[in-house]
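Okay, structure first, notes after.
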Amino acid sequence: MILSDKQILKEIDNNNILIEPFDPKCLGTNSYDVHLGKYLATYKDEVLDAKKHNEIEVFEIPEEGFVLQPNKLYLGVTKEYTETLAHVPFLEGKSSVGRLGIDIHATAGKGDVGFCNTWTLEISVTQAVRIYNNMPIGQLIYFKVDGEINNYYNIKGSAKYNTRTVKPVESMMWKNKF
């Protein structure tokens, strides 16, 4: 079941959801709009290796915006820091963003209960498009969890994305054993 606007506000009051900064105008019927942070990143190497640490170059989006190019992966970040301690958060793109041909995540739209951080976005575009810092980029939807939780993300020893950041974070696949 998806939380309604009233339930999201109740869970914020109960300290089960935190959104910083929070703006009541961004609360939809059953979602909360998030914005693109000021940093983007690209991988330094053209060929990425799942078993190696692939380094990124982080840069700030200029005031005049930045033109994303097709066939290039960009890592972005939400302006909003979130904590979700009792629900499963899903980040989806806004329809207005999708209608510009922008995808904000390749596969990582679901967070875990206990996820506490900004959201790194895996941005790709179908044609060149100019984007801007602080533009609406996505919406968070919260699902109720059925049953008790043993393994909260923020206290899990193997969690790879727990360090609080305002910048995009590269893949940590190389930390997995395979």
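Couplings 3J(HN,Hα) of segment 151-166, computed from phi: 10, 5, 4, 6, 10, 6, x, 8, 5, 9, 10, 8, 6, 4, 8, 10 Hz, in residue order, whole Hz [Karplus 6.51 cos²θ - 1.76 cosθ + 1.60, θ = phi - 60°; x for Gly and Pro]. Relative protection proxy for 91-103, 29-41, from highest mean packing down: 29-41, 91-103 (other beta-carbon atoms within 10 angstrom).
Put in order of Cβ neighbour count within 10 Å, fewest first, the listed residues Phe115, Phe59 become Phe59, Phe115. In the chain, Cα pairs under 8 Å separated by at least six residues give a relative contact order of 31 percent.
With R₀ set to 22 Å, the beta-carbon distance separating Lys52 from Thr163 gives a calculated FRET efficiency near 0.65.
Derived scalar couplings between HN and Hα for segment 17-27 equal 10, 10, 10, 10, x, 9, 10, x, 5, 8, 7 Hz in order, rounded to whole Hz, by the Karplus curve 6.51 cos²θ - 1.76 cosθ + 1.60 (θ = phi - 60°), x for Gly and Pro. In this structure, the amide hydrogen of Leu121, modeled 1.01 Å from its nitrogen in the peptide plane, lies closer than 5 angstrom to those of Gly76, Val77, Thr78, counting only residues at least 5 positions away or on a different chain. Counting only DSSP H runs of at least 4 residues, each contributing -39500 (n - 2.57), and dividing by the residue count of the chain, the helix-based mean residue ellipticity at 222 nm comes to -1500 deg cm²/dmol. Label-to-label distance for Asp45 and Met173 is 1.2 nm, based on points extended 7 Å past Cα in the beta-carbon direction.
Placing +1 on the Cβ of every Lys and Arg and -1 on the Cβ of every Asp and Glu, with no other charges, gives segment 5-161 a dipole of roughly 220 debye about its Cα centre. Each label point was placed 7 Å from the Cα along the Cα-to-Cβ direction; for Tyr132 and Leu9 their separation is 2.9 nm. The distance between label points at Thr107 and Asp33 comes to 3.1 nm (points 7 Å beyond Cα on the Cα→Cβ vector).
Among Trp119, Trp174, the order by Cβ neighbours within 10 angstrom, fewest to most, reads Trp174, Trp119.
Each value in this text was obtained by applying a stated rule to the coordinates, not by laboratory testing. What you see is a predicted model, and the numbers here were worked out from it, not measured in a lab. We place every Cβ from the backbone using ideal geometry, glycine too, and count neighbours over all the protein chains shown.
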